[in-house]
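Derivation of every value follows stated rules applied to the coordinates shown; laboratory data play no part. Everything quoted here is computed from the prediction, not taken from an experiment. So basically every Cβ, Gly included, is an ideal-geometry build from the backbone, and we count neighbours across all protein chains shown.
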Amino acid sequence: MNIKSVDDAIETYVQERIEKGKEKASERFLTYAYMKHGGDEILEFLLKVGGLARYYIYFLKIMENPFKGPEIKWLAAMLIVGLYGCFLLRNIESRSLGIFLLVGALVHAWSLVSMTAKKLRAIDMRIAIYSEIVQIVEKELCGKA
């Protein structure tokens, strides 16, 4: 069995779930599974789908954490620039430079925080959808046993 067909089934479910909801996506996923891999292959296919979905959940929880990547370093850099801007605000000659640095750091930090929040929501949504796939597979496997 080709892993590409397993991955295609998962991605089809994800896209269908986002567009049309859980019930339609579940029906389409099961229809795809039984049409494409009917008979003896269905158990193997469902086991592989469940395993790959669990792997994706693990991967998203561990590897795609936005606080492990360059975002946290960028936020730290904006904090340093903002603190330097505050330091420059004390001196009359460099006050305008301090204002620009502080405002720029605040704008970029806010942009980074909102981007990170969007990324976290997208990751959480994917994890929830992959968990639904695992539940569907477990329900089908219990029905087969």
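Only residues that are surrounded by 13 or more Cβ atoms within 10 Å (Cβ to Cβ) and either in contact (Cβ under 8 Å) with a residue 12 or more places away in the chain or β-branched (Val, Ile, Thr) (or both): list them for region 87-96, please.
If the condition is that a residue be surrounded by 13 or more Cβ atoms within 10 Å (Cβ to Cβ) and either in contact (Cβ under 8 Å) with a residue 12 or more places away in the chain or β-branched (Val, Ile, Thr) (or both), then Leu88, Leu89 are the ones that fit.
Looking only at residues in region 35-64 that are touching a residue at least 60 places away in the same chain (Cβ under 8 Å) and surrounded by fewer than 16 Cβ atoms within 10 Å (Cβ to Cβ), which one is nearest to Ala122 (Cα to Cα)?
In this case the residue turns out to be Lys61.
So for region 93-114 (the condition being assigned to a loop (DSSP other than H, G, I, E, B), more than 27 Å from Asp8 (Cβ to Cβ) and more than 18 Å from the chain's Cα centre (by Cα)), does at least one residue qualify?
yes
When the residues of region 17-32 are narrowed to those that are surrounded by 12 or more Cβ atoms within 10 Å (Cβ to Cβ) and over 14 Å from Lys139 (Cα atoms), which ends up farthest from the chain's Cα centre (by Cα)?
Taking the candidates together, the pick is Tyr32.
So which residues in region 1-17 are farther than 18 Å from Glu44 by Cα, β-branched (Val, Ile, Thr) and touching a residue at least 40 places away in the same chain (Cβ under 8 Å)?
Val14
List the number of the failed condition for Phe67; all other conditions in (1) surrounded by 13 or more Cβ atoms within 10 Å (Cβ to Cβ); (2) of a type in the set (A, V, I, L, M, F, W, C); (3) under 18 Å from the mean Cα position of the chain (by Cα); (4) closer than 28 Å to Leu102 by Cβ hold.
For Phe67, the failing item is (1).
Restricting attention to region 1-16, and to residues there that are among the aliphatic types (A, V, I, L, M) and part of a helix (DSSP H, G or I), which single residue is nearest to the chain's Cα centre (by Cα)? Steps first, please.
Restricting attention to region 1-16, the residues satisfying the condition of being among the aliphatic types (A, V, I, L, M) are 1, 3, 6, 9-10, 14.
Checking which are part of a helix (DSSP H, G or I) leaves us with 3, 6, 9-10, 14.
Details: Ile3: 21, Val6: 19, Ala9: 18, Ile10: 14, Val14: 12 Å.
Only one residue fits best here, namely Val14.
Taking region 100-124, which residues are of a type in the set (A, V, I, L, M) and loosely packed, with under 14 Cβ neighbours inside 10 Å?
Once the filter is applied, which keeps residues that are of a type in the set (A, V, I, L, M) and loosely packed, with under 14 Cβ neighbours inside 10 Å, region 100-124 yields Val103, Val107, Val113, Met115, Ala117, Ala122.
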